[in-house]
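The values are calculated or read from the model by the stated rules, or taken from the named source; none is laboratory data. These numbers were taken from a predicted model, which means no experiment stands behind them. All Cβ positions, glycine included, derive from the backbone under ideal geometry; neighbour counts span all protein chains shown.
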Amino acid sequence: MITWMQRHRKYLNITLWISVGAFIAAGPMFAIGSGSFSGKGADTVAKVGNVEVSVQQMNSTYRQLFSRYNQMFQGKFDESQAKAFGLEQQALKQLIDEALLLNLAQSFKLEVLDKELSDNISKTQAFYKDAKFDKETYKKVLKQARLSMAEYENDVRRSLLLQKLMGLLSSQAHPLEEEAVSTALYINDKINYKVLEPSLISIQAKDDDVKAYWETNKMSYMTEPSYEIEVVTQENITTTYSEEDIKLAYEGSKHDYKNAEGEIIAYEIAKDAVIADLNKKASNKAALKAYIAYKKDKLDPSYTKEIRHIQKNKNALTQEVFTKVSKLSLEKPFLKPQFINGKYQIIKLISAKGSEPMSYEQAKDDAKEAYLQQETNRQFLELAQKSVDSFKGKNSGFLTRESITGLAPLSDFEAGEFLEALFSQNTKRGFIPLKNGKIVLFNILEQKLLKKENNTQEKNVLRLKESILNDGLLKKLEAQYAVTSYLEGK
């Protein structure tokens, strides 16, 4: 599993786990029922050391695996087969392995800077419009995938962190190892191929068909948990301080006042920031007193109480504070003062409502889109299956795994993905779905051995070594970090 990440994490973009062509979008969700958990909130399926595995991550990974098997079975893989193959357990194991590695990354004090995150997202082609990153396109694509920006950005941050860790754990290939592996990998192919586009399929969605799809997939369309809270806001305190008090505060925390180069700022330049921090501390102190009085039902009447109804993507709080609210209970409903939008706020939980299936009218638009995608996929796969034995395409020269140019109309990236799959096939004719939704039909015309001097096996050696070394690493991490699953029977 680590080896797979090392090979593919460099393609950290939305196609990895939102698209995977149209196939992931049409894949089933991991079924979360009321009896699926044992002792944890409905947003968490496992905890590994300090890292929690969320339902959203479980859904994403389950659908990726389903899509991968569906490709292997040429579109004939269904949920009964998924159960027989233990896809839930496979998805959970993959996420637990990632969580073990994230614990290791934390112990190394690795982190992903906000700039690294934004740079990565801004380079993702799926979010481009007119050859450049477009924020509205970004939001639209995530909405179509039923993902919030926070969820997506958290997943990308995780991926980047794993990529950094993988860089530290990389191996080297030695000449003798390359020689040993290369003897089995000198085959190259000449093929006839044809690229099919999903746009070949055009369908209409009838309301009865959409409703039938929704009935079958109700558990994929859940409302977000919602919370009714009471908010008490501490108004900011502004005080006049003596020069001596300001200087004393500056001397006690001067290392907090630095310029862009990391140099400590002189007192006269930092003075306003020091005063602002003194006022913030005074406001926090007053908020803590109000918090204690609030808990004892002795809050000063001058404080106003505001009732709010919040959901994860519809709230005036930060995501961090929302997470804290979601962990409150009616037995312990109070949250200590939180600094939100420039002021300290005290929060009390009034009521909580968990996720529940949406009505058809609520889910209709999303269900229609998913139905169209599923039906397009089905008909597109049928077209590929019917065409594979008689298609007329282009002839290639002899190809190796590295022959990513000259396979028009495939891009270099698409050609690389196709060739990686082609050289894993054990059939003469067939088709290979690509992550962007295209399908490549192929017919192997001829094979021959590649001359030794033109072949390097460094990557293959690295994969073999990494597989052996990383299996050992995961076993060591499993012994070091506690792994708790909240899915019954898992």
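Observations on the model:
- Checking each residue in the stretch 202-217 for being in a helix (DSSP H, G or I), within 30 Å of the chain's Cα centre (by Cα) and not hydrophobic (A, V, I, L, M, F, W, C) picks out Lys211, Tyr213, Glu215, Thr216.
- Output for the stretch 381-420, where each listed residue is among the aliphatic types (A, V, I, L, M) and surrounded by fewer than 16 Cβ atoms within 10 Å (Cβ to Cβ): Ala408
- Residue match in the stretch 289-310 (condition: farther than 30 Å from Val55 by Cα, surrounded by 14 or more Cβ atoms within 10 Å (Cβ to Cβ) and touching an Asp or Glu at 6+ places or on another chain (Cβ under 8 Å)): yes
- For the stretch 228-251, residues that are buried (at least 16 other Cβ atoms within 10 Å of the Cβ), closer than 20 Å to Tyr267 by Cα and among the hydrophobic types (A, V, I, L, M, F, W, C) total 2.
- Test: residue in the stretch 76-92 that is surrounded by 14 or more Cβ atoms within 10 Å (Cβ to Cβ), touching a strand residue (DSSP E or B) at 6+ places or on another chain (Cβ under 8 Å), among the charged types (D, E, K, R) and not in a helix (DSSP H, G or I): no
- Picking from residues in the stretch 464-490 that are in a loop (DSSP other than H, G, I, E, B) and at pLDDT 60 or above, the one that is surrounded by the fewest Cβ atoms within 10 Å (Cβ to Cβ) is Ala482.
- Residues satisfying the stated conditions in the stretch 424-440, i.e. farther than 30 Å from Glu375 by Cβ and at pLDDT 85 or above: Lys428
- Test set (1) out of contact with any Pro (no Cβ under 7 Å at 6 or more places or on another chain); (2) in a helix (DSSP H, G or I); (3) touching a residue at least 60 places away in the same chain (Cβ under 8 Å) - Asp365 fails condition number: (3)
- Residue within the stretch 252-267 that is part of a strand (DSSP E or B) and in the same structural domain as Asn341 (by TED's automatic domain parsing) present: yes
- Tabulated pairs, the stretch 64-79, first closer than 12 Å to Arg378 by Cβ, second outside any helix (DSSP H, G or I), C-beta under 6 angstrom, 6+ apart or interchain: Asn70/Phe77
To keep it simple, each residue is scored yes or no on (1) under 25 Å from the mean Cα position of the chain (by Cα); (2) hydroxyl-bearing (Ser, Thr, Tyr).
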position: Lys368; (1), (2): yes, no
position: Gln373; (1), (2): yes, no
position: Glu382; (1), (2): no, no
position: Ser396; (1), (2): no, yes
position: Leu399; (1), (2): no, no
position: Ile404; (1), (2): no, no
position: Pro409; (1), (2): no, no
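- Note on the stretch 237-251: among residues that are free of Cβ contacts under 8 Å to residues at least 12 places away in the same chain and outside any loop (DSSP other than H, G, I, E, B), the one that is nearest to Ala290 (Cα to Cα) is Leu248.
- Ser199 being among the polar types (S, T, N, Q) and either at pLDDT below 90 or surrounded by 14 or more Cβ atoms within 10 Å (Cβ to Cβ) (or both): no
- Restricting attention to the stretch 293-337, the residues that are polar (S, T, N, Q) and part of a loop (DSSP other than H, G, I, E, B) total 6.
- Single residue of the stretch 402-434 satisfying the filter (in contact with a strand residue (DSSP E or B) (Cβ under 7 Å, 6 or more places away or on another chain) and of a type in the set (Phe, Trp, Tyr)) that is farthest from Lys448 (Cα to Cα): Phe431
- One residue from Thr318, Thr323 being touching a residue at least 12 places away in the same chain (Cβ under 8 Å) and among the hydroxyl-bearing types (Ser, Thr, Tyr): Thr318
- One residue from Ala31, Ala42, Ala46 being outside any helix (DSSP H, G or I), closer than 26 Å to Gln311 by Cα and modelled with pLDDT of 80 or more: Ala46
- Applying the condition of being buried (at least 16 other Cβ atoms within 10 Å of the Cβ) and farther than 15 Å from Arg308 by Cα to the stretch 324-365 and asking which residue is modelled with the lowest pLDDT yields Met358.
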